[in-house]
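Trainee: Pasting a structure below so you can have a look.
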Amino acid sequence: MIADDTLTAQCLQRLLEGEFPGVEIVADGQGLHATVATSKPDLVLLDISIVGLDGLETMRQLRAVSPMTKLLVLTVHDEPEYVAEALRAGASGYVLKWCAVSEFVTAIRGVLNGHSYMTPSLAEHGVSAVTNRKGRPTAKNLTLRQREVLQLVAQGRTAKEIASALALSVKTAVFHKMAIMDKLGLRTTADLTRYALENGILASTVQAQPPLPSTALPLASTSTSA
């Protein structure tokens, strides 16, 4: 199954059907959970940025409803922290959207056969980011980018404002927020704000920030979706 709401899904379906007949496309993140629970696919090639989907939490949910289904992340994000968070959430592999079709085939075959696969250029950083995680996570476990996002979230900034301040897309800003929550074991924006205050992450910068505009859009909900 390919879970992607872009033209990439249709292209991959055509390119892979010779090797893997019967590939299904799910373009609706909200319906992915129910579809996997019903059809129990061998493997889901999952775009963690699909609209209506919290990638990290969704991977955990998919593992719960269909433990035998393998998860192979398909994404444009090549930052090591993305790789690490995806692997922690239960992915068996991680491939970039611009890789060759032969690599997709190799990755899918490997994962279906019980192995892990990661785009070679990411493997070293991604694996080390996971294996170096020891003990209960603290602010020291956050990357510099994650600390920046945490500061802005705790200041009440919206996803749009965070994205603008850090030169990111809104989706990437939300992804970083969810990754921080996952890494610290927190579930709400209020938890993040409290954590930032208690750990001195917010105090050094909050006074310098201008007030938020009254028309600001709210940051994407922290509630998980199926």
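The values are calculated or read from the model by the stated rules, or taken from the named source; none is laboratory data. Treat the numbers as computed from the prediction; the structure is a model and nothing was measured. Virtual Cβ from ideal backbone geometry, glycine too; neighbours counted across all protein chains shown. In case anyone asks, the SASA skips ligands and DNA or RNA and just uses the protein heavy atoms, side chains included. Shrake-Rupley method; radii C 1.70, N 1.55, O 1.52, S 1.80 Å.
Trainee: Out of the residues in region 27-65 that are crowded, with 20+ Cβ neighbours inside 10 Å and assigned to a loop (DSSP other than H, G, I, E, B), which is farthest from the chain's Cα centre (by Cα)?
Mentor: Only one residue fits best here, namely Pro41.
Trainee: Do we have Thr119 as β-branched (Val, Ile, Thr) and within 21 Å of Thr172 (Cβ to Cβ) here? Give the derivation first.
Mentor: Numbers: β-branched (Val, Ile, Thr): yes; within 21 Å of Thr172 (Cβ to Cβ): yes.
Taking the combined requirement at face value, the residue satisfies it.
Trainee: Right, next: Do the conditions hold for Lys97, that is, is it open to solvent by 10 Å² or more (accessible area, probe 1.4 Å), of a type in the set (Lys, Arg), in contact (Cβ under 8 Å) with a residue 12 or more places away in the chain and more than 29 Å from Gly185 (Cα to Cα)?
Mentor: yes
Trainee: If I ask for residues that are in a loop (DSSP other than H, G, I, E, B), of a type in the set (Gly, Ala, Ser), over 13 Å from Leu87 (Cα atoms) and at pLDDT 75 or above, which ones from region 110-148 would you list?
Mentor: Gly114
Trainee: Hey, could you check region 88-98 for residues that are modelled with pLDDT under 85 and touching a helix residue (DSSP H, G or I) at 6+ places or on another chain (Cβ under 8 Å) and say which is farthest from Ile180 (Cα to Cα)?
Mentor: Step by step, filter region 88-98, then rank; the result is Lys97.
Trainee: Can you name every residue in region 47-94 that is small (Gly, Ala, Ser) and without any contact (Cβ under 8 Å) to a residue 60 or more places away in the chain?
Mentor: Ala64, Ser66, Ala84, Ala86, Gly90, Ala91, Ser92, Gly93, listed by residue number.
Trainee: Oh, and also: What residue, among those in region 1-26 that are surrounded by 15 or more Cβ atoms within 10 Å (Cβ to Cβ) and of a type in the set (Asp, Glu), is farthest from Val73 (Cα to Cα)?
Mentor: Among those residues, the one meeting the criterion is Asp5.
Residues are listed down the side, and each one gets a yes or a no for (1) within 16 Å of His77 (Cα to Cα); (2) in a helix (DSSP H, G or I):
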| position | (1), (2) |
| --- | --- |
| Leu150 | no, yes |
| Val153 | no, yes |
| Ile162 | no, yes |
| Leu168 | yes, no |
| Lys171 | yes, yes |
| Lys177 | yes, yes |
| Arg187 | no, no |
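Trainee: Condition first: open to solvent by less than 10 Å² (accessible area, probe 1.4 Å), farther than 21 Å from Ala84 by Cβ and touching a residue at least 24 places away in the same chain (Cβ under 8 Å). Now tell me which residues in region 159-185 satisfy that.
Mentor: Passing the criteria: only Ala159.
Trainee: Within the group Met68, Met118, which residue is touching a strand residue (DSSP E or B) at 6+ places or on another chain (Cβ under 9 Å) and of a type in the set (A, V, I, L, M)?
Mentor: It is Met118.
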